[in-house]
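Single-structure report; data block below.
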Amino acid sequence: MDAIGLILTSRRALACGADAAEIMAEVWQAQALAQAIGSRLAVSGPPELRGEALGLTELAGRGCGVLDPPEIDLGDLRAAQLTELADARETLLCLGGLLGEVGMALVGMASGADDETTYWQCMEAIDAADESRDRVLEMLRKLAAREEALQDGDRNSLNGNRSSPSGV
């Protein structure tokens, strides 16, 4: 399934989480999906993104690691369903939104936590989600710089061709 579709599914599921266990399961799913997307970008994404994508993979993995893994069937694991990452920019925009929502859900859970373990688990997961989102924003910045450089190169080659019809 396409990354954007999986992200949208995660956003809907996170918004519909009825209790703390469901929300934590969706937070874990979102972090696992961010890890899978980072891994995919590190291997086959634009070269400018590979370092940040590796960092995203590591940070999102940390986000999963601080949470108890949910009891879900392997077939329901969204990260395992990732087969396509068609548009890196759009995927990163959607992923940044999901990670922001993850952070907000975790803040709500931390503020209502009945025990210290849940509170600190939420705090560590908030840090991981924020740092993951920072990586996503940095990748978006790099993509924008890449697109601008390509457009400048196209303009320069067009201007060069106009000013010198013989190519000299």
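The values are calculated or read from the model by the stated rules, or taken from the named source; none is laboratory data. Computed from a predicted model, the values in this text were never measured in an experiment. For neighbour counting, all protein chains shown are included, and Cβ atoms are generated from backbone atoms with ideal geometry for every residue, glycine included. Heavy atoms of the whole protein, side chains included, go into the accessibility calculation; ligands, DNA and RNA do not. Shrake-Rupley method; radii C 1.70, N 1.55, O 1.52, S 1.80 Å.
Miscellaneous remarks
- Of [x] 1.35; [y] 1.03; [z] 1.26, the label for Cα Rg over 2.2 N^0.38 Å derived from the coordinates: [z]
- For the chain, the longest principal axis of the Cα atoms and the long axis of helix 50-65 meet at an angle of about 10 degrees.
- Residue-level accessible surface for MET104, protein heavy atoms, 1.4 Å, Å²: 140 Å²
- Volume per residue of the C-alpha convex hull in the stretch 36-95, rounded to whole Å³: 88 Å³
- Across the stretch 68-85, coupling constants 3J(HN,Hα) worked out from phi with the 6.51/-1.76/1.60 Karplus curve, θ = phi - 60°, read 6, x, x, 8, 10, 5, 4, x, 8, 6, 4, 4, 6, 8, 5, 10, 9, 10 Hz, and Gly and Pro carry x.
- What separates the Cα centres of the stretch 60-74 and the stretch 21-49 is a distance of 12 Å.
- Sorting the segments 91-97, 43-49 by their residues' average number of neighbouring beta-carbon atoms within 10 angstrom, most packed first, yields 91-97, 43-49.
- Hz values of 3J(HN,Hα) by residue in the stretch 11-18 - Karplus curve (6.51, -1.76, 1.60), Gly and Pro given as x: 5, 5, 5, 5, 5, 8, x, 8
- Relative contact order of the stretch 61-162, pairs being alpha-carbon contacts under 8 Å that are 6 or more residues apart, as %: 32 percent
- Separation in nanometres of the label points that stand 7 Å from Cα toward Cβ, at ASP76 and THR117: 2.2 nm
- Per-residue HN-Hα couplings for the stretch 97-111 [Karplus 6.51, -1.76, 1.60; θ = phi - 60°; Hz; x = Gly/Pro]: x, 4, 5, x, 5, 4, x, 5, 4, 5, 4, x, 5, 5, 5
- Computed [θ] at 222 nm, helices only, for the chain once each DSSP H run of length n ≥ 4 contributes -39500 (n - 2.57): -27000 deg cm²/dmol
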